[in-house]
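Taking it in order: structure first as structure tokens, then the write-up.
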Amino acid sequence: MEVNLFLNDFKQNCIFRLDESLRMVNSSFGFIAETDVWKKPNSSLNSIGNLILHLCGNMTQYVISGVGNIPDTRNRNAEFEIESGMTKSELLAQLEATVQQVKKVLEDSTIENLLEIRNIQGFQFSGIGAIIHAVEHFSYHTGQIAFWVKYLKAKDLGFYGGIDLTQTNS
């Protein structure tokens, strides 16, 4: 019974974090124009559009393919080479569909599947390790997207509007 409680708690916390990052990206997109999506601050940084494509590629490779056991067809370089062609709504739809697939793989995963070691992108991970990587990677790039939008629009994005974040632990 304790293993099932752990497994369910792990899954629910990962799903919460995926949904949280998706909410923040969606909110960030509400502040930008179509012309902002493919802007690059400089040649060593990525556009918001490239970051979305990269997130979709990473989550697909690590979770949908890696944990879900479907063939890996990722072309990582292409995620950064694209300079235009997709709208805000198309990018968000692709990200939302990818997150839904990740959540489905996560929900369907057994403890055996999550403990199985596999080779993903040249690294050895258990299913748990692959999922943790994908969740934290999504969070990391969500922060970059938020920073870029704040920089472009000089405004607070209000991710936690109405919530008192000064509360102490009890």
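Only one residue in 53, 22, 18 is within 11 Å of residue 91 (Cβ to Cβ), at pLDDT 95 or above and either in a loop (DSSP other than H, G, I, E, B) or not small (Gly, Ala, Ser) (or both), so which one is that?
The conditions single out 53.
Could you count how many residues in the range 126-170 are farther than 27 Å from residue 48 by Cβ and touching a residue at least 60 places away in the same chain (Cβ under 8 Å)?
Matching residues across the range 126-170 total 2.
Taking the options 131, 120, name whichever one is modelled with pLDDT of 95 or more, closer than 18 Å to residue 20 by Cβ and either aromatic (Phe, Trp, Tyr) or buried (at least 16 other Cβ atoms within 10 Å of the Cβ) (or both).
131
Given the criteria over 19 Å from residue 95 (Cα atoms), surrounded by 12 or more Cβ atoms within 10 Å (Cβ to Cβ) and either touching a helix residue (DSSP H, G or I) at 6+ places or on another chain (Cβ under 7 Å) or of a type in the set (Gly, Ala, Ser) (or both), does residue 45 qualify?
Taking the combined requirement at face value, the residue does not satisfy it.
Could you list, ordered by first residue, the pairs with Cβ atoms under 8 Å in which the first is in the range 24-36 and surrounded by 15 or more Cβ atoms within 10 Å (Cβ to Cβ) and the second is in a loop (DSSP other than H, G, I, E, B), at least 6 apart or interchain?
From the range 24-36, the pairs are 24/157; 24/159; 27/157; 27/158; 27/159; 28/157; 31/155; 31/157.
Report the residue count in the range 58-85 for those that are part of a helix (DSSP H, G or I) and closer than 25 Å to residue 112 by Cα.
Number of matching residues: 8.
Quickly run through the range 4-19 and pick out the residues that are touching a residue at least 60 places away in the same chain (Cβ under 8 Å) and under 17 Å from residue 133 (Cβ atoms).
Once the filter is applied, which keeps residues that are touching a residue at least 60 places away in the same chain (Cβ under 8 Å) and under 17 Å from residue 133 (Cβ atoms), the range 4-19 yields 10, 11, 14, 15, 17, 18.
Which number in (1) surrounded by fewer than 16 Cβ atoms within 10 Å (Cβ to Cβ); (2) at pLDDT below 95; (3) on the phi < 0 side of the Ramachandran plot marks the one condition that residue 85 misses?
(3)
Hey, can you tell me all the residues within the range 86-130 that are under 13 Å from residue 7 (Cα atoms), among the β-branched types (Val, Ile, Thr) and assigned to a helix (DSSP H, G or I)?
Passing the criteria: 111, 128.
What number of residues in the range 131-170 are small (Gly, Ala, Ser), more than 19 Å from residue 30 (Cβ to Cβ) and not in a helix (DSSP H, G or I)?
1
Take residue 104 and decide whether it is surrounded by 12 or more Cβ atoms within 10 Å (Cβ to Cβ), within 23 Å of residue 32 (Cβ to Cβ) and among the basic types (Lys, Arg).
No; evaluated as a whole, the condition is false for this residue.
The values are calculated or read from the model by the stated rules, or taken from the named source; none is laboratory data. If you're wondering where the values come from, they're calculated on a predicted model, not measured in any experiment. Methodologically, a virtual Cβ is constructed for each residue, glycine included, from the backbone with ideal geometry; neighbour enumeration extends over all protein chains shown.
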